[in-house]
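Notes to accompany the following structure.
The values are calculated or read from the model by the stated rules, or taken from the named source; none is laboratory data. On a predicted model such as this, the values are computed, not experimentally measured, just so you know. Cβ: placed from backbone, ideal geometry, glycine included. Neighbour counts: every protein chain shown.
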Amino acid sequence: MTLAQCLLNDYTEEELRYWSRFYGIRIGSSKPATLASRIAEKLLDEQEMQQRLVILRDEEAELFEQCMDESQPVSDEQQKAAERLIGTDYAYMTSSGLLVPADVTEAYRKLNTPAFRKQRILTSYLLDCLLFVESVYLVIPLHELMGCFTGRYSILCREEVFDRCWNLIHPDDNPCLRTGDMIISRAASDVAAEILEERGSHMYACPDPGEIRDWAVNGYPSKNSECMHFLAWLKDSGLEHSYAEEVLQHLTEMIAHGTEMEEVLEALKTHMDITEPRFVPAEIRLKALYSSIRSTLLSGAAPADDEADMMRAEGVQGNGEVLYAKTVLEAAKLIEKRPVLERLGYAVQVEKYAETILVAFQRPGQKKTYVKILIFPNDPCPCGSGSPYRECHGRKRS
């Protein structure tokens, strides 16, 4: 099957006319088959094919090559890769699986030189970094983005290499704009100045390449334990897997952008009625997700001031606004640093939800951040009263 035949089968006459106008093809009274042939000629042009395929990730390129000689069934794990390939207009879903037309196969084999493969690896990863910026920071200095970009290969990124990759990403695929020495999400172009002012002197965390790619592919950090628990809870609550993922992506993006916990909770309410008895733990689960996402993004980030130096000297992790702990042991250590935290202006509170103890750290004017802590009945209560936990916040209600 040829590319023109696939286009003719997949697109309506109206859609073929639209794409003909897009490519500057004279339409006149041309029949659909003629339009499909002319569009196929444009798509098979080497420069056009390079721009469309240079953003493919390794796993997508591998699936593409598997489908060149004969159609291949697509597994659940390959579904997202298949959807992205179909979006290039070089692969099509048939009754027997995903198929790459014969003339596309021939053109791709000529294009797929070692130089192209190297460029594809670099360009696809830059696009992943840009998708990460869109989901997390919205605005980031160019040198910070270049730091993320070079992290995968441990090389010094020359600006001309970065520029070449940037220029190969079609504007329709690029979620960000480049303005001087800043990279700005298209969605935040009108509020970039306010975002930068709010961030102040806080440094940007640079996740490892695996985390960046995971966030870019899934729209959220799928390997984050709290994300996995929250997704499982959404599905257990009756949401279909695909819809549950959409909800998690939306909530994660809100959290990453610094939305207040109360607003994120309201957003969750638009997807499910959390007042039902089976949704009682919704707020607790969301707080755990909120704390985990924020701590992930703030990892390694701190204000450049004396307070940060003091916190590091005392072994307290945080950024001057939010304290965080990744494990129960770290949470317990934060409690031990209570005198230090109080000198820094934090209020340490203990709140009880069922049998779960959540320790809330809060500074005046800042939102609370919760960490779970495991405590036994005879341990001193984390509130600092000096009484055993069973006689203080652990006392059973009559």
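Scan the stretch 25-36 and report the pairs whose first residue is under 13 Å from residue 12 (Cβ atoms) and whose second residue is among the charged types (D, E, K, R) and assigned to a helix (DSSP H, G or I), with Cβ atoms within less than 7 Å and a gap of 6+ or a chain change. The qualifying pairs are 32/13; 35/17.
Scanning the stretch 42-57 for residues that are assigned to a loop (DSSP other than H, G, I, E, B) and under 13 Å from residue 23 (Cβ atoms) gives 44, 45.
Yes or no: residue 296 under 16 Å from the mean Cα position of the chain (by Cα) and at pLDDT 85 or above? Answer is no for this residue.
Here 152, 178, 164, 213 are screened, and the one residue that is assigned to a strand (DSSP E or B) and either more than 22 Å from residue 292 (Cβ to Cβ) or modelled with pLDDT of 80 or more (or both) is 178. Within the stretch 232-277, restricting attention to residues that are acidic (Asp, Glu) and touching a residue at least 12 places away in the same chain (Cβ under 8 Å), the residue that is surrounded by the fewest Cβ atoms within 10 Å (Cβ to Cβ) is 260. If I go through the stretch 220-267 residue by residue, how many of them are of a type outside the set (D, E, K, R) and either in contact with a Phe, Trp or Tyr (Cβ under 7 Å, 6 or more places away or on another chain) or more than 16 Å from residue 293 (Cβ to Cβ) (or both)? Here the count works out to 16.
Per-residue answers, yes or no, for (1) within 21 Å of residue 131 (Cβ to Cβ); (2) touching a Cys at 6+ places or on another chain (Cβ under 6 Å); (3) modelled with pLDDT under 80:
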| residue | (1), (2), (3) |
| --- | --- |
| 219 | yes, no, no |
| 236 | no, no, no |
| 241 | no, no, no |
| 259 | yes, no, no |
| 301 | yes, no, yes |
| 316 | no, no, yes |
| 326 | no, no, yes |
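Picking from 63, 98, which residue would you name as being modelled with pLDDT of 90 or more, within 25 Å of the chain's Cα centre (by Cα) and not in a loop (DSSP other than H, G, I, E, B)?
Numbers: 98 fails: within 25 Å of the chain's Cα centre (by Cα).
Residue meeting the stated conditions: 63.
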